[in-house]
1. Taking the Cα centre as origin and putting +1 on Lys and Arg beta-carbons and -1 on Asp and Glu beta-carbons, what dipole magnitude results for region 39-131, to the nearest 20 debye?
2. Counting DSSP beta bridges in region 44-136, what percent are antiparallel, to the nearest 5?
3. Name the trypsin sites (Lys or Arg not before Pro) in region 71-136 that are in a loop by DSSP and that have at most 10 other C-beta atoms within 10 Å, would you?
4. What distance in nm separates the simple spin-label points at Ala124 and Lys76, each placed 7 Å from Cα in the Cβ direction?
5. Between region 92-108 and region 36-75, what is the C-alpha centre distance in whole Å?
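None of the figures in this text is laboratory data; all of them are computed from the coordinates on show. Values in this document were obtained by computation on a predicted structure and should not be read as measured data. Cβ sites come from the backbone with ideal geometry, for glycine too, and all protein chains shown count toward neighbours.
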Amino acid sequence: MGLFAFFNTIYCQVSAAFSILLSKVMGVFNSKLPIDMTAPKAQLVKDLIKSDTVVIFSKSYCPYCRLAKEVFDNLKQKFTAIELDQRDDCDEIQAILGEITGAKTVPRVFVKGECLGGGSDVKALYDKGELQKYFA
Ligand SMILES: N[C@@H](CCC(=O)N[C@@H](CS)C(=O)NCC(=O)O)C(=O)O
């Protein structure tokens, strides 16, 4: 692993830990931030999930997102990546993904509309030969 990738991974781990900590702290004051799943933004996320066989909600600098993309590249399976860090509605979409999947971290990987989890989850499924079954 190169120096940049190493620090990138550390940065991602810290930002993921910070976001989990923040959500726990918020939880003390506000049991759950309201997310309107009937709002147009939630509908947009649902439409994006259905927009391709494989949809990856990603951040362009995230090593786990790169891992997920590599897995699908290895399978020669095309995917749509939505780079949330390049959008103004990044936080809003992550909150909605949190509501839908139970986690707000990136990547959030969907295959045929089903959330398979994050980068490590997809890699584990690939290593076990289970991911391949979705495209058989
Ligand atoms: N085990 C998870 C780790 C994912 C993770 O730590 N992602 C970081 C970015 S690299 C994250 O979501 N940080 C919080 C954020 O960006 O909002 C996976 O494999 O997907």
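1. 220 debye
2. Numbers: 7 of 11 bridges.
Just about 65 percent of them are antiparallel.
3. Numbers: sites: Lys76, Lys78, Arg87, Lys104, Arg108, Lys112, Lys123, Lys128, Lys133; in loops: Lys76, Lys78, Arg87, Lys104, Lys112, Lys128.
Those satisfying the criteria are Lys76, Lys78, Lys128.
4. So the label points at Ala124 and Lys76 sit 2.9 nm apart.
5. 10 Å
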